[in-house]
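Notes for the one structure printed next.
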Amino acid sequence: MDKKIRVRFAPSPTGYLHVGGARSALFNYLFSRHHNGTFILRIEDTDRSRFVENAMKEIFESMKWLGLNWDEGPEVNGDYGPYEQSKRLDLYKKYAEKLLESGNAYRCFCSPQRLAELRTEQEKNKQNIGYDRHCLTLSEDQVAEKLKKGDPHVIRFKIPHGRIVSFEDSIRGRIEYKSEVLDDLVLLKADGFPTYHMANVIDDHLMEISHVLRGDEWIASTPRHILIYEAFGWEPPEFAHLPVILAPDGKKLSKRKGAASVMDYKQNGFLPEALFNYLALLGWSPGDDREKMSLEEMVKSFSLKQVSAKASVFDEKKLEWMNGLYMAERSALSLADIVVPEWKKKQWINSERSTHDQYLLDVIELMKVRSKRTTDLVENSVYFFKDPQTYEEKAARKYFKDNAAELLKEIYTELEQLQVFDKDHLEKLYHDFAQKSEISFGKIIHPARLAVSGVSFGPGLFELLSILGKEVVLRRIKTTVSFIERNRT
Ligand code: GLU
């Protein structure tokens, strides 16, 4: 490609950034990085009725968390700003007037009430819904008079009839629409704000956007946009409409099924690099069977040619699996920043405790490979901070029977004498004990784990014991022995 590559993500601040929006942003990002282009963030905030306070802040925060850093846009600025459409109102007005002058647009004074009645009528008669060009026939004098009176009005685009509007979608191929099916859309509203269509086209042109990569719910808007470009005499950008994302049951994503906000995923224990990697695979594949990929690999391999037009399925189980891989790869220190504050919130550790504390780092190192989410790591580590209050019932029935208490007592004595309380010495101690007592290893391993952790699963026993330390291990075994003795029938 010899053209300068400039792409944009253009969210409307009408709510949080959900996975669909994030995936669009991410494809734009990968595309720009692959071509050494520019990634722009533009805020499309001209629909004041749908404006949500703080949405913009959350969008910024979500994008930064995912690593989708923009080269131009709010906060960082750039040569094509401002990047918030509400700050560009004069521009839209000026361009709408140009279209009036060239006869591609006209003023429409129809009241909302007339439009509503028109719609009802069309619905009743099973006609196409759309504006009936009532005001197109107004004479210049009539328009001048209404303007003088200050009658509220909008500016509408005059769709040329009898045309086939077509464009080449980089993912779907050629797409054609008959212009008759498009009605005379509003460009500028009565309050002076532009509609999405108007502002979107003008900004994509003025910001020199080379490629528009957006969700496929915008396909039907594209022929309208093409006609607006044409009316201005501008060359449209290339278009690529990204496949829809569905829930595993084939239905639309809902908040319960995947459509949660990016920040919810953060909250629920996912790592940004895992979500990034997973979202990249929603509709795109590198053309081979690679799934876990570094950012560099994704940037290097990304191509619209490998984006499928077929709907992609958001599978949270797979995301979880991917997250587990990234968890295992993360350093304990970097995970400490996420999990240590959570342990403090739960008051399992003192609020003064440092994230560099060796005990905490040891716990994280041991547990991270066994956790799919950071929230699992937080929860499943409880026994490193608190003595078990209960024992897993089924396991207790199985492992705390027969002579379990006696064996635990004997081991207690041995452990008490152990000088170096580390993994290797503990392992040797247990082996020697099993041999000496002529019992199977399992008979002493499982009760020990249950005694010190309260659960029947977790990391290797000897690592667990060595991290907990002698004092804690002895105390917990003692408690378990009394528990077994108390519960004996
Ligand atoms: N503001 C639109 C949105 O909220 C942008 C669509 C486009 O990328 O053209 O998704």
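Filtered by the rule that a residue be in contact with an Asp or Glu (Cβ under 9 Å, 6 or more places away or on another chain) and more than 13 Å from the ligand (Cβ to nearest atom), the range 212-228 gives a lone residue, Pro223. Scanning the range 115-127 for residues that are loosely packed, with under 13 Cβ neighbours inside 10 Å, assigned to a helix (DSSP H, G or I) and either basic (Lys, Arg) or under 41 Å from the mean Cα position of the chain (by Cα) (or both) returns Ala116, Thr120, Glu123, Lys124.
If you go through the range 22-51 and keep only what is over 16 Å from Leu304 (Cα atoms) and touching a residue at least 60 places away in the same chain (Cβ under 8 Å), you end up with Ala22, Ile40, Arg42, Glu44, Thr46, Asp47, Arg48.
Would you mind stating whether Gly20 is buried (at least 18 other Cβ atoms within 10 Å of the Cβ), touching a Gly at 6+ places or on another chain (Cβ under 9 Å), under 23 Å from Pro272 (Cβ atoms) and not basic (Lys, Arg)? Spelling it out, Gly20 is indeed buried (at least 18 other Cβ atoms within 10 Å of the Cβ), touching a Gly at 6+ places or on another chain (Cβ under 9 Å), under 23 Å from Pro272 (Cβ atoms) and not basic (Lys, Arg). Residues in the range 384-400 that are surrounded by fewer than 21 Cβ atoms within 10 Å (Cβ to Cβ) and under 16 Å from Lys346 (Cβ atoms): Phe385, Lys386, Asp387, Pro388, Gln389. Among the residues of this structure, Ile209 does not count as one that is within 13 Å of the ligand (Cβ to nearest atom), more than 30 Å from Leu253 (Cα to Cα), under 32 Å from the mean Cα position of the chain (by Cα) and of a type in the set (Val, Ile, Thr). Taken over the range 1-24, the criterion of being part of a helix (DSSP H, G or I) and within 10 Å of the ligand (Cβ to nearest atom) is satisfied by Gly20, Gly21, Ser24. Being more than 16 Å from the ligand (Cβ to nearest atom) and surrounded by fewer than 18 Cβ atoms within 10 Å (Cβ to Cβ) is a description that does not apply to Gly37.
In the range 308-331, the residue that is nearest to the chain's Cα centre (by Cα) out of those that are more than 18 Å from Ala260 (Cα to Cα) and of a type in the set (Ser, Thr, Tyr) is Tyr326.
Ile202 passes every criterion in (1) within 16 Å of the ligand (Cβ to nearest atom); (2) of a type outside the set (Phe, Trp, Tyr); (3) farther than 30 Å from Arg33 by Cβ apart from (3). In the condition set (1) out of contact with any Leu (no Cβ under 8 Å at 6 or more places or on another chain); (2) away from the ligand (no atom under 16 Å from the Cβ); (3) at positive phi; (4) not β-branched (Val, Ile, Thr), Gly192 is compliant with all but (1). The set of residues from the range 435-468 being over 41 Å from the mean Cα position of the chain (by Cα) and crowded, with 18+ Cβ neighbours inside 10 Å comprises Ile444, Pro447, Ala448. If the condition is being in contact (Cβ under 8 Å) with a residue 60 or more places away in the chain, within 22 Å of Leu361 (Cβ to Cβ) and among the hydroxyl-bearing types (Ser, Thr, Tyr), then the range 443-489 contributes only Ser453.
In the range 403-422, the residues that are among the β-branched types (Val, Ile, Thr) form Cβ pairs under 7 Å with partners that are at pLDDT below 95, at six or more places apart or across chains, as follows: Ile411/Ile444.
The values are calculated or read from the model by the stated rules, or taken from the named source; none is laboratory data. All values derive from a computational prediction rather than experimental measurement. Neighbour counts are summed over all protein chains in view; Cβ atoms, including those assigned to glycine, are modelled from backbone coordinates with ideal geometry.
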